[in-house]
Amino acid sequence: MFISPDETSYRKPLISWMALTVFAAVFSFVYELMSHHVYSPFMVGLCLIPLAGGFLSVLVHRIRRIPLPDVRTQTLHCWSILTFTIGSMLTGVFDIYGTTSAFTKYYWILGMILLIGAVISYGIHYLKKINTPGKRYLNGPVMTRRAGKTEHPAALPEMPAYCSRIREAGRMESWSSIQHGSN
Amino acid sequence: MFTKKRFSLFYGVFLLLFTAFVLLQAFVIPQSYQTVSAAETSDSSESSGNTANAYITENSYTSDGMTVTIRTYTENDTQIYVADVLLDSPDSLKTAFAEDTYGKNITEVTSEIAENHDAVLAINGDYYSARNGYVIRNGILYSSDSTDGDQEDLVIYEDGSMEVIREGDTTAQELLDQGAVQVFCFGPGLIENGSVSVSEDEEVGHAMSSNPRTAIGWISDTHYVFVVSDGRTSESEGLTLYELAEFMESLGCETAYNLDGGGSSTMYFNGEVVNCPTTNGHSIRERSVSDIVYIA
């Protein structure tokens, strides 16, 4: 979907989140335009959720050269932001119509559950990472401050094709450990 | 095992279906909570007197027990229709639900509900089904739920008097015990104790502009005014709440209350829709509503 954690570029998630932000902004603008000057803060501020929760989050990672989290974390985070966005949109629609719904609160609850799940998943992944010395996780680009670009470790032979299966499954083992049969 | 594709597929489908359900439940699926019995919708002629002796003109209706006069005003670039109602008995002021059913997403156009109840005069009500608040109609309590203590309701008592109350100050049952026969939960109150009670920047549902409006006012004893203004057209701009309140004050109202406006604003008199109801300003057409206030 929006996030490809095994890619080394931040470009795709940034573009995806920006597209969602723009869509939310256009949607809220058009809806408010046709609502006979009835305004709802949930509709007016609709684009802020994917902007702050998605785009800026990835941008901060990019600027600070922090690798993007693992697949599970990003998936949970992505869906939590989407759930919040849809909940805000529906709340705005009901506000403008002049009614309420007993079900809109479940979007906030679900979104929070997913967000907490993403945080926990990130924590587990981080703890796993720091508690396994000697392994390097290939979640994202390895960057140095000097070069400012991806630098792959030197003197490693080309990774065999069958290792792509391991990467796709999300198991972040270093190539060197696979070489030495620690898998 | 958690995989991105599997989770995304499952959760995406779930979210889509749930959202569709929420929208359908809010706007489409009719939900009937209570049907009004035949006794509660008894023939209006029993309380209105002998309508066979009514004197009817294009703008007035006079019979034993009631006089209704329609006047048209143009103020603030807006066409305003005022029905001046004089009754011998407050029992002639009634309310009715669409399809005689209390529920959600159950609607009919004002003229149809009015015809079904042999109404001489009718305006749209407070569209109770879209809001949470006290609902008392014709002396029967339908809803005592309140989610906003500051919600202003209009109470019509059995002696014909009107009062604007706040839901946080009393319960629906207490109102019923005090003799309330009708309670509306739209608002806000426009006139209280003869004075304008809305501020110039006050609006309903964050609307800050001119719109079609419906209002009901009490002048004295059993003397009422039903007011409907057009709007959203080039001929009729609409009124802000403050302008509406000022107009009600100019009619001499002791108490006045704002009902559902916009595309719902409809006045029915003597078998015809008097005003030009419109939702978007492009087509003149009645909107289906959940309830009406009528004279019969």
Do the conditions hold for residue B:28, that is, is it facing chain A (nearest Cβ under 10 Å), at pLDDT 90 or above and either in contact with an Asp or Glu (Cβ under 7 Å, 6 or more places away or on another chain) or under 23 Å from residue B:289 (Cα atoms) (or both)?
no
For residue B:124, state whether it is within 14 Å of chain A (Cβ to nearest Cβ) and farther than 22 Å from residue B:173 by Cβ.
yes
Taking the range A:81-124 as the search range and keeping residues that are within 30 Å of residue A:68 (Cβ to Cβ) and among the aromatic types (Phe, Trp, Tyr), which one is surrounded by the most Cβ atoms within 10 Å (Cβ to Cβ)?
A:107
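One line per residue, one yes/no per condition, for (1) of a type in the set (Ser, Thr, Tyr); (2) at negative phi; (3) touching a residue at least 12 places away in the same chain (Cβ under 8 Å):
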| residue | (1), (2), (3) |
| --- | --- |
| B:151 | no, yes, yes |
| B:161 | yes, yes, yes |
| B:179 | no, no, yes |
| B:183 | no, yes, yes |
| B:192 | no, yes, yes |
| B:198 | no, yes, yes |
| B:218 | no, yes, yes |
| B:225 | no, yes, yes |
| B:239 | no, yes, yes |
For strands (runs of 3 or more DSSP E) lying entirely in the range B:216-291, having 3 or more residues that are buried (at least 22 other Cβ atoms within 10 Å of the Cβ) and touching a Lys or Arg at 6+ places or on another chain (Cβ under 8 Å) picks out B:223-229
Could you grab the pairs with beta carbons closer than 8 Å, sequence gap of 6+ or different chains, first residue in the range B:119-131 and assigned to a loop (DSSP other than H, G, I, E, B), second one charged (D, E, K, R) and modelled with pLDDT of 90 or more?
B:125/B:260; B:125/B:291; B:126/B:260; B:126/B:291; B:127/B:260; B:127/B:291
Kindly indicate whether any position in the range A:91-114 is more than 20 Å from residue A:43 (Cα to Cα) and at pLDDT 90 or above.
yes
Being more than 14 Å from chain A (Cβ to nearest Cβ) and not in a strand (DSSP E or B) is the filter; apply it to the range B:191-201 and report the residue that is modelled with the lowest pLDDT.
B:200
Checking residue B:123 against (1) surrounded by fewer than 24 Cβ atoms within 10 Å (Cβ to Cβ); (2) at pLDDT 95 or above, which single condition isn't satisfied?
(1)
Name every residue in the range A:61-110 that is touching a strand residue (DSSP E or B) at 6+ places or on another chain (Cβ under 8 Å) and over 29 Å from residue B:104 (Cα atoms), in order of residue number.
A:65
Kindly indicate which of B:265, B:229, B:220 is within 14 Å of chain A (Cβ to nearest Cβ) and of a type in the set (Gly, Ala, Ser).
B:265
If you go through the range A:43-65 one residue at a time, do you hit one that is surrounded by fewer than 20 Cβ atoms within 10 Å (Cβ to Cβ), at pLDDT below 95, more than 25 Å from residue A:128 (Cα to Cα) and among the charged types (D, E, K, R)?
no
Sole miss for residue B:181 among (1) at pLDDT below 95; (2) in contact with a helix residue (DSSP H, G or I) (Cβ under 9 Å, 6 or more places away or on another chain); (3) closer than 23 Å to residue B:163 by Cα is condition (1)
Taking the range A:71-107 and keeping only residues that are of a type in the set (Ser, Thr, Tyr) and more than 9 Å from chain B (Cβ to nearest Cβ), one is left with A:73, A:80, A:85, A:88, A:91
Considering only the range B:58-99, give the strands (runs of 3 or more DSSP E) lying wholly within it that have at least 3 residues that are surrounded by fewer than 18 Cβ atoms within 10 Å (Cβ to Cβ), free of Cβ contacts under 8 Å to residues at least 24 places away in the same chain and among the β-branched types (Val, Ile, Thr).
B:66-75
Exactly one of (1) under 24 Å from residue B:97 (Cα atoms); (2) surrounded by fewer than 20 Cβ atoms within 10 Å (Cβ to Cβ); (3) touching a Leu at 6+ places or on another chain (Cβ under 8 Å) is unmet by residue B:135. Its number?
(2)
Which condition number does residue A:39 fail, the rest of (1) surrounded by fewer than 22 Cβ atoms within 10 Å (Cβ to Cβ); (2) within 14 Å of chain B (Cβ to nearest Cβ); (3) in contact with a Pro (Cβ under 8 Å, 6 or more places away or on another chain); (4) of a type outside the set (A, V, I, L, M) being met?
(3)
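Could you tell me whether any residue of the range B:99-110 is of a type in the set (Gly, Ala, Ser) and either within 15 Å of residue B:226 (Cβ to Cβ) or modelled with pLDDT of 95 or more (or both)?
no
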All positions within the range B:171-186 that are in a loop (DSSP other than H, G, I, E, B) and surrounded by fewer than 23 Cβ atoms within 10 Å (Cβ to Cβ):
B:171, B:178, B:179
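The values are calculated or read from the model by the stated rules, or taken from the named source; none is laboratory data. Keep in mind the model is a prediction, meaning the values are calculated, not measured. Every residue, glycine as well, gets a Cβ built from its backbone with ideal geometry; the counts of neighbours run over all protein chains shown.
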